[in-house]
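Everything on this sheet refers to the single structure shown next.
A short reminder: the numbers here are calculations on the coordinates, not readings from a lab. The shown structure was predicted, so the numbers you read here are calculated from the model rather than taken from an experiment. Cβ atoms come from the backbone with ideal geometry, glycine included; neighbour counts cover every protein chain shown.
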Amino acid sequence: MAGKKIEDYMNDIDEDFFKSEHLITKRKLNNLSENKKKYRLKINKKVLLTILFTCIWMFIYMSSNKDTITLAQSVGNISAEYIDRAPVKYSYNSEQLNEEEFFLKNNTTIIGGKVKDVNNIRIQLNGEAIYRSIAQIEVTKVYRGDCEVGQVVSVLIPCTIHIGLDIVESEVISNLRIGMNGIFMMKKYDEKSYIEDEGSILYLQDLAEYGFSDSQKYGFLEGEEELIFDKGTFKSIKNATDLEEIESYIKKMID
C-alpha cells in the first residue's frame, strides 16, 4: 500500500500552518492599520478643533482690543482708546499774545499739510474721562521745524471732531476733516510733555508725535467756501482768502 511518508505529512502541515498563520497575521496587520487610521483621524480632528478655537479666540481678542491705544511710557491708572462717538469738547489757551509774540514765544513746528485721517479718542485717567482726537497729517511744506515733505505726522488735537456740525470759527481745529489742506503750527512732544494726576502720568508721546496747544489759534484751514482761522488773533490777515496769503504772512513773521 502506497502511503505518504512522514515528510509528506509534515510538508502538508507546514504548508497549511503557514497559510493560516499568514491569514491571521494579515488580518492583524489590517486591523492594526485600521486602528492607526482611526487614531490618526481622531488626532487630526483634535488638532483641527484646537486650531479652530485658537483662531476664534485670537479674532475675539483682536476685535476687542483693536481700538486700544498702547501707552508704552505712561504709568498708573491710565488707558486710552479710539471711539466712534464723543461729546463736543473744546480746549482753550488763556495766554494772550499779539501776532509777533505768538510766533516768537511759541517755538512751534509749522507745516503745510493735508489731513489723511482723524479719529476721536477717550482717555481714562484715574477714572476721569478725557476726550480728544488724533489727526494724521501728510506734510506738503515745511516752514519751521524738522519735518520732511511726504512724512505723515500724528497730531493730538485738544478737542473732539464732529462731522456734520456747522463751521465754528472760534474753534478752528474742530473743523478739521479728512482731505482738508491747511497750515498747522504744532508743538513737538518730548519726555517733558505729560499730564500728571495723583501719581498717574500720561506721556503725550504715547498718543502722538505733536500736538496743538489749543483748538483755536494753531491752524489755518482751507474750507469749501473760505479760509477758517482765528481772525481775532491774526487781525492783520483777517481778509485772507487762500493759503498762499497765509504762507507769505508766516514766512514774514518767522524770518
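Could you tell me which of PHE103, GLN205, PHE229 has its Cα farthest along the dipole of the stretch 78-254 towards the positive end, charges placed at Cβ (Lys, Arg +1; Asp, Glu -1), taken about the Cα centre?
Ranked along the dipole, the leading option is PHE103.
Each residue of the stretch 105-117 in order: what ³J(HN,Hα) in whole Hz does its phi give by Karplus 6.51 cos²θ - 1.76 cosθ + 1.60, θ = phi - 60°, with x for Gly and Pro?
Each residue of the stretch 105-117 in turn: 7, 9, 7, 7, 7, 10, 9, x, x, 10, 6, 8, 6 Hz.
Multiply the residue separation of ASP84 and GLN151 by 0.36 nm, subtract the distance between their alpha-carbon atoms, and state the gained length in nm to one decimal. Present the calculation step by step, with values, prior to reporting the outcome.
Details: separation 67, 0.36 × 67 = 24.12 nm, distance 2.61 nm.
Using 0.36 nm per residue and subtracting the Cα-Cα distance, I get 21.5 nm.
Which distance in nm do the two modelled labels at ASP190 and GLU244 give, with both placed 7 Å along the Cα-to-Cβ direction?
It is 3.8 nm.
Report the net charge of residues surrounding ASP206, where surrounding means a beta-carbon distance below 13 angstrom and charges are Lys +1, Arg +1, Asp -1, Glu -1.
Details: positive: ARG132; negative: GLU81, ASP190, GLU191, GLU209.
Result for the neighbourhood of ASP206: -3.
Once the piece of chain linking LYS141 and VAL75 is laid out straight, how much longer is it, given 0.36 nm per residue of separation minus the C-alpha distance between them?
Working: separation 66, 0.36 × 66 = 23.76 nm, distance 3.59 nm.
That pair, LYS141 and VAL75, stretches by 20.2 nm at full extension.
So which of LYS105/LYS141; LYS116/LYS238; LYS188/LYS238 end up more than 24 Å apart by C-alpha?
On the way: LYS105/LYS141 22 Å; LYS116/LYS238 27 Å; LYS188/LYS238 27 Å.
Going by Cα-Cα distance, LYS116/LYS238; LYS188/LYS238 fall outside the 24 Å limit.
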